[in-house]
Amino acid sequence: MASVINMDIAALRSFVLAENLGSFSAAAVGLHCSQSALSLRIKKLEEQLGCELFHRNYHTLKLTADGAMLLPEAVKVLAGHDAMIQVAQNNGSSDTIRLGIPEDMTAGFFHNFLANHDEYVDKIELSMHLCRDLVQMLCEGELDIALINAMPDYQGGEAIASRELKWVCAPGFEYQPDQPLPLALHPEGCIFREHVFKTLNALGRPHRVMFSAQGSISVQAAVGTGMGLSVMAEGIIPESLVEAPDDWRLPALGQADIRIYQMGHGSPFLADFIETLRRELPKVM
């Protein structure tokens with residue numbers, strides 16, 4: 001009889017989360033451990049399984065063929081483990097979905113998606129936070145699923161839609177090309193903020209943050225008074241603001257993905273909800 005190998009749940013969770021987030025360092029933050037401790041967990045898991053799970057280099061983290069084959073099985077084990085714990089603790093019902101989304105998606109989600117799917121209205125517990133905070137909450141088991149803004153080169157999650165990023169300002173905003181670009185943005189942790197800084201710094205374009213707040217309404221109000229420019233996804237720009245004119249020659253910012261992040265498969269009800277998101281959300285966001 002073959003010997004039984006007892007898998008370490010923490011190691012399996014480290015494996016799955018590292019793949020979802022695209023790096024050991026991000027997974028270590030999510031699991032509240034050091035990067036070296038997480039690396040050791042995965043190394044021991046590889047030794048137990050007798051195969052390498054990741055190709056490792058300085059820039060990317062990519063699954064090996066064995067890792068890609070074993071990942072869905074690891075996800076199943078974690079889902080079963082978490083479901084058992086939930087039943088044991090009688091912690092919530094299987095038809096309740098703890099969903100996290102960034103604030104800029106709320107209008108489209110409520111008016112264009114949820115209004116047409118009333119079967120989910122009283123089944124969703126909704127949290128609104130910055131994208132990196134949502135990933136953190138997912139890692140800590142506070143969410144079942146999160147919808148995240150992410151740049152195309154960001155690792156992890158499942159992209160279900162893309163939106164063009166636009167510079168926006170108040171009508172009549174006085175653009176001064178010889179001055180540092182004034183910005184009104186969300187605080188650190190905002191994907192768009194990081195992308196704007198990366199783009200401007202790469203071009204050597206001077207800039208300064210004139211206003212920063214977590215709430216979209218506050219940022220829109222600051223932009224509306226002429227304090228500075230901001231960046232928003234196409235389709236969610238309010239009528240009070242306008243796109244910056246092309247002749248200002250501001251750098252193109254490309255597209256941002258909307259991605260689904262989840263840990264494990266969860267209940268059949270959650271799986272049905274995610275499939276509905278995949279099918280319907282790209283039509284309305």
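Since every read-out is calculated from the coordinates, none of them should be taken as a lab result. Fair warning: this is a prediction, and the values are worked out from it, not measured in the lab. So basically every Cβ, Gly included, is an ideal-geometry build from the backbone, and we count neighbours across all protein chains shown.
Apply the Karplus parameterisation 6.51 cos²θ - 1.76 cosθ + 1.60, with θ equal to phi minus 60°, to every residue of region 194-199 and state each ³J(HN,Hα) to the nearest whole Hz, in sequence, with x for glycine and proline.
Along region 194-199, the couplings run 4, 5, 4, 4, 4, 5 Hz.
Over all directions, the average projected area of the alpha-carbon convex hull for region 162-255 comes to how many nm²?
5.7
Report the Cα centroid-to-centroid distance between region 114-130 and region 182-223 in angstrom, as an integer.
28
What list of ³J(HN,Hα) couplings, whole Hz, do you get for region 5-18 from phi and the Karplus terms 6.51, -1.76, 1.60, once you set θ to phi - 60° and write x for glycine and proline?
Ordered by residue, 3J(HN,Hα) equals 9, 8, 6, 7, 4, 4, 5, 4, 5, 5, 4, 5, 5, 4 Hz.
If you place +1 on the Cβ of every Lys and Arg and -1 on the Cβ of every Asp and Glu, how big does the dipole about the Cα centre of region 9-89 come out, in debye to the nearest 20?
It comes to approximately 160 debye.
Could you check the simple spin-label distance between LEU71 and THR96, using points 7 Å along Cα→Cβ, in nm with one decimal?
3.1
Share of antiparallel DSSP beta bridges in the chain, in percent to the nearest 5?
60
Counting other Cβ atoms within 10 Å, which GluC sites (Glu not before Pro) in region 153-214 have at most 16 and lie in a DSSP loop?
Those that pass, being in a loop and sparsely packed, are GLU174, GLU188.
With θ set to phi - 60° and the Karplus curve 6.51 cos²θ - 1.76 cosθ + 1.60, what are the ³J(HN,Hα) couplings of region 164-178 in order, to the nearest whole Hz, using x for Gly and Pro?
Rounded to whole hertz, the list is 6, 8, 10, 6, 10, 8, 6, x, x, 4, 8, 7, 10, x, 8.
Using the basic label-point model (7 angstrom from Cα toward the beta carbon), what is the GLU234 to LEU114 distance in nanometres?
2.7
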